Amino acid sequence: MSSFYSCQEDTNSTKVSESKLIVEGWIEENGVANVILSKSIPTNTNFNQNNIDKYFIRAAKVTVSDGINAEILHLKMVNGYIPPFIYTGENIIGKKGFTYTLTIEFNGKELRAETTIPESVSIKELAIEKIDDFKRKIGIAFIDPDSKNYYQIATKIVGKDSLFIPTLYGTIDDETFTTKNVKLNLLKGIQFYPVENTETYFPSGKIVEVKLRTLEKKSYEFWNSWQNDILNGQNPLFPATFNLKSNIKGGLGIWAGYGADTKVIKMK
């Protein structure tokens, strides 16, 4: 996935639109905080992908607090991801039921958001369906608890993907389930950068990590609106960002807490 770059449009004025800060941040149960920052691209800009790096933000102060302790995240480079820079924590580890506050300071502006990590749900089983000699589909099974739950399913192809990519149709409200014993077929998430890849099956011979995430309603609403943009043909490098249901005060994007369970399967 990543980068919620946007072409902004001011339909009520010919005034040049201002770039806004865009956030993709998360903290998982038993994991550290991660935050990706970029700037939106105004519609009056002649955008060239060769100059895309000027929209990455590498000089912000990014702080995460658990209500008792706080830490400043450090910037690191992640190859094969756009943007290739991630602010990462070390000391604060995600715990279920805890609330985490994100504060971003950049160019005299401050952005804030809060998220809580919900109870995780375990993956019961993964299965493979052979499509042809080169393509595979993954099936997932889990038990949906009696409590209200929102889910996101993401995958990472080992040796290819740097981070987990949300699957197509993988952002789910449990009200759509007709049984507690849930079984779903997974379609690989679409990628547009650096090379467009709309293949929704998984390649044979590869090892795939499958992550079942639980998330808050606000995080679900963001990812569901992002998913709808993808399904409506929007390029995720240039989504209709102002239609996305952000929880970032002072900016755009998402700060999400995830309960998570991960299992690995080989595409035999």
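Derivation of every value follows stated rules applied to the coordinates shown; laboratory data play no part. Quantities reported herein were computed from a predicted structural model and do not represent experimental measurements. Methodologically, a virtual Cβ is constructed for each residue, glycine included, from the backbone with ideal geometry; neighbour enumeration extends over all protein chains shown.
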Please say if the range 92-241 is rounded, prolate or oblate, where rounded means a/c under 1.5 for a ≥ b ≥ c the square roots of the C-alpha gyration tensor eigenvalues, and otherwise the choice is prolate for a/b larger than b/c and oblate otherwise?
oblate
Among ALA59, THR115, VAL32 - extreme Cα towards positive end, dipole of the range 21-117, charges at beta-carbon
ALA59
Excluding residues on the same chain fewer than 8 positions from LYS109, give the aspartates and glutamates whose Cα lies under 18 Å from its Cα.
GLU18, GLU24
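Taking 0.36 nm per intervening residue step and subtracting the Cα-Cα distance, what contour gain separates ILE157 from LYS263 on full extension? Each step should come with its number before you reach the end.
Details: separation 106, 0.36 × 106 = 38.16 nm, distance 1.22 nm.
Length difference between fully extended and current span is 36.9 nm.
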Going by a ≥ b ≥ c, the root eigenvalues of the Cα gyration tensor, does the range 70-126 fall in the rounded group (a/c under 1.5), the prolate group (a/b larger than b/c) or the oblate group?
oblate
Rg over Rh [alpha-carbon atoms, Kirkwood Rh] for the range 21-117:
1.01
Prolate/oblate/rounded label for the range 107-167 (Cα gyration tensor, a/c 1.5):
oblate
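Quick check on the exposure proxy: order LEU21, LEU37, LEU126 from fewest to most C-beta atoms within 10 angstrom. Before the final figure, lay out each step's value.
Working: LEU21 20, LEU37 27, LEU126 16.
Ordered from fewest to most neighbouring Cβ atoms within 10 Å, LEU21, LEU37, LEU126 come out as LEU126, LEU21, LEU37.
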Nearest-0.05 FRET efficiency for SER204 and GLU90, computed from C-beta distance (R0 51 Å)
0.85
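Working out 0.36 nm times the residue gap between ASP133 and THR178, then minus their Cα-Cα distance, what length gain in nm do you get to one decimal? Please report the intermediate quantities before stating the final value.
Working: separation 45, 0.36 × 45 = 16.20 nm, distance 3.33 nm.
Going from the current span to full extension adds 12.9 nm.
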Run a plain Debye calculation on the range 51-171 (Cα atoms as equal point scatterers, no solvent) and give log10 I(q)/I(0) at q = 0.13, 0.18, 0.22 Å⁻¹, rounded to two decimals, same order as the q list.
-0.79, -1.21, -1.35
Cleavage-rule hits, GluC sites (Glu not before Pro), the range 97-136, DSSP coil, Cβ neighbours within 10 Å at most 12
GLU119
